[in-house]
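For reference, the structure is listed below as structure tokens.
Derivation of every value follows stated rules applied to the coordinates shown; laboratory data play no part. Model, not experiment: these values are computed from the prediction. Here the Cβ is made from the backbone with ideal geometry for all residues, glycine too, and neighbour counts use every protein chain on show.
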Amino acid sequence: MSKKNIDAAYKLACERYADLGVNANAAMKKLLKIPVSLHCWQGDDVRGFENPEGDLTGGIQATGNYPGRARTPEELRGDIEFVLSLVGGSHRVNVHACYAEFPKGHKVDRDELCPSHMKNWIDWAKRNKLGMDFNPTLFSHPMFNGFSLSSRDKKIRNFWIKHTIATRRIAAAIGKALGSPCVNNIWIPDGYKDIPADRETPRKILNDSLDACFAEKFDPRHMLDAVESKLFGIGAESYTVGSHEFYMGYAVKNQKLLTLDAGHFHPTETISDKLSACLLFVPEILLHVSRGVRWDSDHVVILNDDLIAIAQELVRLNQFNRVHIGLDYFDASINRIAAWVIGVRAMQKALLYAMLEPIKLMAGAEKSDDLTSRLAWTETAKTLPFCAIWDKFCEDQDVPLDTEWLAEVKTFEANVLAKR
Ligand code: RNT
Ligand code: ZN
């Protein structure tokens, strides 16, 4: 599409939105200020660099063997740079502890990690003007035997407490170096395949372990602690120690960030409805935007009703300073770069779409108990010329349109990925 046509379509669309009290230009500007944290693990199927040929454990799964996965830190960072060239706005990168790098012959175990092992990531993020987020990796390791922080075995538990403490120090160093708070998100897979005899003890242990992990205080301008709940995992179907109630309680009591992963609830339960409630009681929220198909399958995020509902809540609550948007999915059955691009662009489209709703009309109708009009405006919003505004956003950002980015990914695949 020519620039002339993009601009002409944009002008007409703007007028239609203005008729409904919506300022499309202001929406585009606002979208630019919302960073999305890109999860590094989409690029290599959650393998990391410690032991890339080892098994992915913890009840999560990346299925597929599409060629071209990143095998080295350089390849992974290069892939992320390419993804970032295809999306507008300025973003963040979310790194797991198992992506640490060691000078030759100086490998340390996870309980001994320090900020120097993240130096390459930090320097790279600085060069690329990216914020960074971090995570302890409490799976895919010989010390994880179905339990980590909630293990009854003191040796195992202490190893993971030490690891988590190490990651908080690293996250603080990252946040300080980059001048933007680094969210350090704790997720543990601990649980039982079959019906437990004692559901209480592991939860008490987890509570105490977390207290030990969080004993050291950090400047919130550098590091923010988040805790992520889950309903079940593969091999932990009957009982997951870190359930929603557990972490909701822990986060409220200790004023930690609560992580809401879209795939971590019952199949028909959505996280959009949880935001307004949780934000009343926890200081901030980390979103793991994901797409579960029948289970927590971590499919690539697409512009579907669930994603739009999340974006609508975010826009309506307008507390972007309290909600961190991160992606969390891993699909190894398609081009991994495309998977990232589709997810980031879908998230941005959902936010823009939500910002372009005639919310004044919808909320006004609701306030005056005219629920008929509320439904009518909700329907009308769906067919407004959204695409014209999205195209203009891409053009202004000098990134390809939806109809153009795929060709660039195919060229990258032929020139770079196919040679791996
Ligand atoms: C697992 C959780 C967790 C992981 C990442 C790799 O179900 O969603 O967030 O996906 O930490
Ligand atoms: Zn998650």
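Does His288 satisfy the condition of being within 11 Å of ligand 2 (Cβ to nearest atom) and either surrounded by fewer than 23 Cβ atoms within 10 Å (Cβ to Cβ) or within 16 Å of Ala350 (Cβ to Cβ) (or both)? The answer is yes for His288.
Every test in (1) surrounded by fewer than 18 Cβ atoms within 10 Å (Cβ to Cβ); (2) touching a residue at least 24 places away in the same chain (Cβ under 8 Å); (3) acidic (Asp, Glu); (4) not in a loop (DSSP other than H, G, I, E, B) is passed by Glu101 save one, and that test is (4). The set of residues in region 10-31 that are surrounded by 13 or more Cβ atoms within 10 Å (Cβ to Cβ) and touching a residue at least 60 places away in the same chain (Cβ under 8 Å) comprises Tyr10, Ala13, Cys14, Arg16, Tyr17, Leu20, Val22, Ala24, Ala27, Met28, Lys30, Leu31. Scanning region 301-331 for residues that are of a type in the set (D, E, K, R) and within 16 Å of ligand 1 (Cβ to nearest atom) turns up Asp306, Asp328, Asp331.
Residue by residue through region 349-370, note down the ones that are in a helix (DSSP H, G or I) and among the small types (Gly, Ala, Ser). Across region 349-370, the qualifying residues are Ala350, Ala354, Ala363, Gly364, Ala365. Of everything in region 291-309 that is closer than 19 Å to Gln42 by Cα, in contact (Cβ under 8 Å) with a residue 12 or more places away in the chain and of a type in the set (A, V, I, L, M, F, W, C), the residue that is nearest to ligand 2 (Cβ to nearest atom) is Val301. Of all residues in region 316-338, none are surrounded by fewer than 18 Cβ atoms within 10 Å (Cβ to Cβ), under 30 Å from Ala70 (Cβ atoms) and touching a helix residue (DSSP H, G or I) at 6+ places or on another chain (Cβ under 8 Å). Going by what's in this entry, would Asn335 be described as closer than 24 Å to Gln61 by Cα and away from ligand 1 (no atom under 16 Å from the Cβ)? So Asn335 passes the test. Of the conditions (1) without any contact (Cβ under 8 Å) to a residue 24 or more places away in the chain; (2) over 20 Å from Met118 (Cβ atoms); (3) not aliphatic (A, V, I, L, M), Pro52 fails just one. Which one is it? Every listed condition holds for Pro52 apart from (2). For region 316-347, a residue qualifies if it is under 22 Å from Arg77 (Cβ atoms) and either of a type outside the set (A, V, I, L, M, F, W, C) or without any contact (Cβ under 8 Å) to a residue 12 or more places away in the chain (or both), and the qualifying residues are His324, Gly326, Asp328, Tyr329, Asp331, Asn335, Arg336, Gly343, Arg345. Kindly provide the set of residues from region 166-196 that are of a type in the set (A, V, I, L, M) and either touching a Leu at 6+ places or on another chain (Cβ under 7 Å) or not in a helix (DSSP H, G or I) (or both), ordered by number. Residues satisfying the conditions are Ala166, Ile170, Val183, Ile186, Ile188, Ile195. Evaluating Thr164 against the criteria (1) under 27 Å from Tyr239 (Cα atoms); (2) surrounded by fewer than 22 Cβ atoms within 10 Å (Cβ to Cβ); (3) of a type in the set (Ser, Thr, Tyr) leaves one unmet condition, (2).
Per the listing Phe281, Phe214, Phe246, Phe218, the residue uniquely surrounded by fewer than 18 Cβ atoms within 10 Å (Cβ to Cβ), of a type in the set (Phe, Trp, Tyr) and away from ligand 2 (no atom under 15 Å from the Cβ) is Phe281.
Against the definition (exposed (fewer than 14 other Cβ atoms within 10 Å of the Cβ), more than 23 Å from Ile234 (Cβ to Cβ) and away from ligand 1 (no atom under 16 Å from the Cβ)), how does Arg169 come out, yes or no? It is false that Arg169 is exposed (fewer than 14 other Cβ atoms within 10 Å of the Cβ), more than 23 Å from Ile234 (Cβ to Cβ) and away from ligand 1 (no atom under 16 Å from the Cβ). When the strands (runs of 3 or more DSSP E) confined to region 209-312 are screened for residues that are not β-branched (Val, Ile, Thr), those reaching at least 3 such residues are found at 223-228, 257-261, 285-289, 295-299. In region 279-300, what residues are in contact with a strand residue (DSSP E or B) (Cβ under 8 Å, 6 or more places away or on another chain), within 15 Å of ligand 1 (Cβ to nearest atom) and hydrophobic (A, V, I, L, M, F, W, C)? Listed by number, the residues that qualify are Ile285, Leu286, Leu287, Val289, Val293, Val300.
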